[in-house]
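Below: one structure, written as structure tokens.
The values are calculated or read from the model by the stated rules, or taken from the named source; none is laboratory data. Quantities reported herein were computed from a predicted structural model and do not represent experimental measurements. Cβ atoms come from the backbone with ideal geometry, glycine included; neighbour counts cover every protein chain shown. When the accessible area is computed, the model is the full protein with side chains, heavy atoms only, and any ligands, DNA or RNA have been set aside. Shrake-Rupley method; radii C 1.70, N 1.55, O 1.52, S 1.80 Å.
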Amino acid sequence: MQYNINFDIAAIFVCLFSIYCVIAKKGLVRAQNRVLLGLCIMNLACTVFDILAVLSLQEDSVIPLCICYALNLCYFLLHNAVPLVCLLYLGHLTGENFKYSPYYYTGVGFPYLLLVIGLLTNIQHHFLFSITKDRIYIRETGFFLLYLVAAIYLIAIVVKLFKYRISMDPTRRWMLLFYLSSSIIALCVEYFYPSALVELFFQAVSILGVIFTIDNLREISCDDANAYNRTALVEDLNILFSSKQDFLVLVVKVPKLIDFIPSIGLTPVARILYDISEFLHALPGVELYHCGEGRFVLTHLEISKRDLLLNQITNRFREPWAYQQIETHLNAEICYAESPAEITSIDDIYTILQSPIKESVNLTGTTYCYDFQRYLRENQVHAALQKALKNRSFEIYYQPIMDVKHQAIHSAEALIRLNDDTLGYVSPEEFIPIAERRGCIIEIGDFVMEEVCRFICENDIKDYGIQFIDINLSAYQCMDQKIAGRFLDLMKKYHINPNQISFELTEAAINRNLSLIPVLIERFAKRGVQFSLDDYGTGNSNISTIFALPFSTVKLDKNVLWAAEKNHKNLEILKNIMKLVKSFHLKLLIEGIETEHQMNWLLENDCDYCQGYYFSRALPEGDFLKFISRFNHIEL
């Protein structure tokens, strides 16, 4: 029989070009691309063996008969493995391979394994094919089994394409159908016309088509980072969701990275962004996607690796990022979630990606980690804060502060409250940190200041015996260089005497702003505004630094008092703190008074002021005025 090897020769060049395209155009990071490369190499090897087998069957061939037989055997072994590899490649495209154990692959490969046994033992039984001494190639009785095994895998491919027809991208689906159809047609042609040798050429051309239409690396890669882009993210997530594969998602946001461009330049920022992607990409087992503006998505098929990945990312962001001689610390927000336990669609991930990461001040080297449920809750609370600011629906409550010696209400602390139509009551302990992270604490602080000024203006609080109102300032507000101007303007607007306002600063706020606090206090103090040190005893401040600031009052945290009731050692610590405060000629206020015994102890130990539930919780302004009138015996 005269064989036409022209198609095989052409197939060799197509296969070589396909191998080059897979390596250079698609890359080998993805498992599916490595499988595709293996398919190209198998097709090339199969074509080479086909040509050599044909040449060895020529009557004048000098190739030994045993080598001729071995070449045909290698051809069949490789040729029949191609449909199996195609099935595995489709499994990667649909994500189905992710959820199966090694037993699945053993089952899938079982028909081919039986065929391998038959081919390797064919020299004994000649059931599949034989080659005579005259180099005549004969298809024996069982030759149809070679096509039967191929048909089994082709049917499996068709079933899988039908199963994932909705979730699979149409371009992928039609290209794979074209590859399948052309392979079947070529297979049929070669079955009935063995001398044509067109099958491998059609396969090579079809594989090349797959390379150019599925996962073009330039189309799914991010230009400014070593990561895939949003297009790849959507495709891969669709695969994972449709395969019902358990996987871990980490969304890493690097806020304000672009803001560094004016100070350090575009090139350093671009390089730092690339270095961040390099670091994230190097984490073992992750697929990395960059969605723009310093927002990355990482997926990992082992949920148990969550804590390890979080620790690695957190630890790296504690260190500076460098470009040549430029170093800068960056913040990071990390949200982690599990699928399908917590997230079931791409929309869930986009909820995290699209949520704002604006911060009022960039506290460098800080990493915030959230689970998905907490992230959803934070988004809900943030939306409630925005709505309350827009509608001015926050409420200001006032907690009375008692003059211990005179047993009268001396002042009050303004405390903000949030009651949302959807969420109900939201504690300040929850929404204040969220407001700080999301950048709306400045607006909330301005609202509180204006409401307090309005309250003082509308009610002559000195007639009630109230000397001033305490207002808390957060660390973020202290960094706002315009806060003094705005607050002093509000006092003028409502005709408020500055000595009717006292600002409270915590040790934490002071420690974060050691260079700014003295300037801030000086600007207010010149106008007569007082300052008090809040929650003293909870931080680790340097005493000389704290008491060098012009505070009028020191507020002792309630936990110091409660601890003093438990043992003598803690009691002595409390007494020494009180002596220290008095030695600086400062007023002392102790928080957390809840019992008569505590109140009597304050009287005995010369405490100036106290605050606590023993005599009143925080009250709305109307109830507060009624309470003060009754407590201070005021008749208006």
>> Skipping prolines and chain starts, which residues have an amide H placed within reach, meaning under 5 Å, of the one on E594, given they are 5 or more residues away or on another chain?
In response: Y614
> Put +1 on the Cβ of each Lys and Arg and -1 on the Cβ of each Asp and Glu in the chain; which of L283, L240, Y20 then has its Cα farthest toward the positive end of the dipole?
Replying inline: Y20
> What FRET efficiency comes out for the pair N311/I23, r = Cβ-Cβ distance, R0 = 41 Å, nearest 0.05?
Replying inline: 0.75
> Residues with amide H under 5 Å of F468's amide H, sequence separation 5 or more or different chain, H placed in the peptide plane at 1.01 Å from N; which?
Replying inline: A412
> Which residue, chosen from F455, A408, Q500, occupies the Cα position most advanced towards the positive end of the dipole of the range 398-531, where the dipole is computed from +1 (Lys, Arg) and -1 (Asp, Glu) charges on Cβ about the Cα centre?
Replying inline: Q500
> With each label point set 7 Å from Cα along the Cα-Cβ vector, what nm distance links S195 and L65?
Replying inline: 2.4
>> Suppose only helical runs count, i.e. DSSP H with n ≥ 4. What mean residue ellipticity at 222 nm does that imply for the chain under -39500 (n - 2.57) per run, divided by all residues and rounded to the nearest 500 deg cm²/dmol?
In response: -16500 deg cm²/dmol
> Using only Cα atoms, what is the ratio of the radius of gyration of the range 11-165 to 2.2 N^0.38 Å?
Replying inline: 1.17
> What is the diffusion coefficient of the range 500-636 in µm²/s, taking the Kirkwood radius over Cα pairs and the Stokes-Einstein relation at 20 °C with a viscosity of 1.002 mPa s?
Replying inline: 130
>> Using alpha carbons only, how many angstrom separate the centre of the range 464-540 from the centre of the range 305-358?
In response: 35
>> Once each part is reduced to its C-alpha centroid, what is the distance from the range 109-139 to the range 561-597 in angstrom?
In response: 95
> Taking amide hydrogens as modeled 1.01 Å from N in the peptide plane, which residues meet the under 5 Å criterion relative to F503, leaving out close sequence neighbours?
Replying inline: I471, Q530, F531, S532
>> Just to check I understand the Karplus step: with θ = phi - 60° and J = 6.51 cos²θ - 1.76 cosθ + 1.60, what whole-Hz values come out for the range 326-342, glycine and proline as x?
In response: 9, 10, 8, 8, 10, 7, 8, 10, 10, 10, 10, 8, 10, 10, x, 5, 10
>> Out of all Cα-Cα pairs in the range 272-391, roughly what percent, to the nearest whole number, are more than 25 Å apart?
In response: 27
> Leaving out ligands, DNA and RNA but keeping every protein chain, what accessible area does I349 have, in Å² rounded to the nearest 10, with a 1.4 Å probe?
Replying inline: 0
> Label-point separation (nm) for Q58 and L514, each offset 7 Å from Cα along Cα-to-Cβ?
Replying inline: 8.9
> Restricting attention to the range 548-585, which trypsin sites (Lys or Arg not before Pro) occupy a DSSP loop and are surrounded by at most 14 other Cβ atoms within 10 Å?
Replying inline: K566
> Carbon and sulfur atoms: what percent of the 1.4 Å accessible area of the chain do they account for?
Replying inline: 58
> When the Karplus curve 6.51 cos²θ - 1.76 cosθ + 1.60 is applied with θ = phi - 60°, which whole-Hz ³J(HN,Hα) does each residue of the range 141-158 get, with x for Gly and Pro?
Replying inline: 4, x, 4, 4, 5, 4, 6, 5, 5, 4, 5, 4, 5, 5, 5, 4, 5, 4
> For the range 409-494, what is the convex hull volume of its Cα atoms per residue in Å³?
Replying inline: 119
>> Need one number: convex hull volume per residue for the chain, Cα atoms only, in Å³.
In response: 206
> So what are the ³J(HN,Hα) numbers for the range 271-281, from phi and the Karplus equation (6.51, -1.76, 1.60; θ = phi - 60°), rounded to whole Hz, Gly and Pro as x?
Replying inline: 5, 5, 4, 5, 5, 4, 5, 4, 5, 5, 5
> Any idea how far apart F127 and D347 come out in nm if each label point goes 7 Å out from Cα toward Cβ?
Replying inline: 5.6
> Tell me, in nm to one decimal, what length is gained between R392 and L549 on full extension, where the rule is 0.36 nm per residue of separation less the Cα-Cα distance?
Replying inline: 53.1 nm
> Roughly speaking, what is the stretch gain from Y104 to A563, that is 0.36 nm per residue apart minus the C-alpha to C-alpha distance, in nm to one decimal?
Replying inline: 159.1 nm
> Ratio of the range 57-145's C-alpha Rg to 2.2 N^0.38 Å, to two decimals?
Replying inline: 1.38
>> For the pairs K492/K626; K163/K305; K526/K555, flag any whose C-alpha to C-alpha distance is greater than 25 Å.
In response: K492/K626; K163/K305
>> Quick check for you: with a 1.4 Å probe and neighbouring chains kept, what is the accessible area per residue of the range 464-584, in Å²?
In response: 47
